[in-house]
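Here's the structure we're looking at; comments come further down.
The values are calculated or read from the model by the stated rules, or taken from the named source; none is laboratory data. If you're wondering where the values come from, they're calculated on a predicted model, not measured in any experiment. When we count neighbours, we look across all protein chains shown, and the Cβ atoms used for this are built from the backbone with ideal geometry, even at glycine. Each accessible area value is taken on the protein alone, full model and side chains, heavy atoms only, with ligands, DNA and RNA left out. Shrake-Rupley method; radii C 1.70, N 1.55, O 1.52, S 1.80 Å.
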Amino acid sequence: RFYLDRYAHVHIYPDKIAAKAAKGIGKFYDITIHHDGSITQLIAEEDRAGVSRMVAHSVATTPTQVAHINEFIMSAHADYPGRIIPFAALHPDTPDMENVLKGIVAAGFKGIKLHPDFQEFQLDEPRALRMFSLIADAKLPALIHTGDYRYDPPRMAHLLDEIPNLVAIGAHLGGWSVYDEARKLLAGRRNLYVDTSSALYALKPDHAAELIRAFGVKRVMF
């Protein structure tokens, strides 16, 4: 059987809130949600699909959620150490961010997940630039919700210009819902990777292949 080495990205939630959280995301993006957001169903579905490892995370919509989410993500990694690649939550208003990042590194997280839409910040505003600079100094990649008609796609390009030592992963082929604009602004940047999550359903195969080739197949994660 064919197994994919890496799959990015998946959101997971504690069982008591998983179904509600998944339903909320579906409502926010006006898409049909087919699963309940739980770890057990995630593992079962990825087994069916032949996926061996997953970058898993959740988003902190307030600074107070950061520690709780990170405890949960790391517990999922402990339960499935060969399957879950843990990415930590962070918020641009997290107090004592330098030490929080030191703790994230020490705990074994492999990156940071950020969602400016849910977290209500702009990628290139001063507090965000400070956060991304600290993430870059910690030598962690940042998986970022990118593109999106609700806010300004060029901000991702500005962020990468301002912090060239940041390794960024642009979710959704670098620009959910504005894929061609994202390609024009972001393809070819040495500090950017992209993933195909929540993108292929919206694209015709030839268009998706064109975008993947533009970013470079070695810089695209399924």
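Summary table
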{"read-out": "Unmet requirement for Glu125, which otherwise passes all of (1) modelled with pLDDT of 95 or more; (2) open to solvent by 10 Å² or more (accessible area, probe 1.4 Å); (3) in contact with a His (Cβ under 7 Å, 6 or more places away or on another chain); (4) of a type outside the set (A, V, I, L, M)", "value": "(3)"}
{"read-out": "Residue in the stretch 82-94 that is under 28 Å from Leu186 (Cα atoms), in contact (Cβ under 8 Å) with a residue 60 or more places away in the chain and touching a Gly at 6+ places or on another chain (Cβ under 6 Å) present", "value": "yes"}
{"read-out": "Within the stretch 181-208, tally of residues that are of a type outside the set (Lys, Arg), in a helix (DSSP H, G or I) and farther than 25 Å from Thr32 by Cβ", "value": "3"}
{"read-out": "Hits in the stretch 129-156 (condition: buried (at least 20 other Cβ atoms within 10 Å of the Cβ) and either of a type in the set (Gly, Ala, Ser) or touching a Pro at 6+ places or on another chain (Cβ under 6 Å) (or both))", "value": "Met131, Ala142, Gly147"}
{"read-out": "Number of the condition not met by Arg155 [criteria: (1) within 23 Å of Ala214 (Cβ to Cβ); (2) part of a loop (DSSP other than H, G, I, E, B); (3) within 17 Å of the chain's Cα centre (by Cα)]", "value": "(2)"}
{"read-out": "Per-region count, the stretch 75-98, residues farther than 17 Å from Pro141 by Cα and out of contact with any Asp or Glu (no Cβ under 9 Å at 6 or more places or on another chain)", "value": "12"}
{"read-out": "Pair list, Cβ < 6 Å and 6+ apart or interchain, from the stretch 205-216 residues that are open to solvent by less than 50 Å² (accessible area, probe 1.4 Å) and at pLDDT 95 or above to residues that are assigned to a helix (DSSP H, G or I) and not charged (D, E, K, R)", "value": "Ala208/Leu200; Leu211/Tyr179"}
{"read-out": "Matching entry among Val55, Val66 (being within 17 Å of the chain's Cα centre (by Cα) and in contact (Cβ under 8 Å) with a residue 60 or more places away in the chain)", "value": "Val55"}
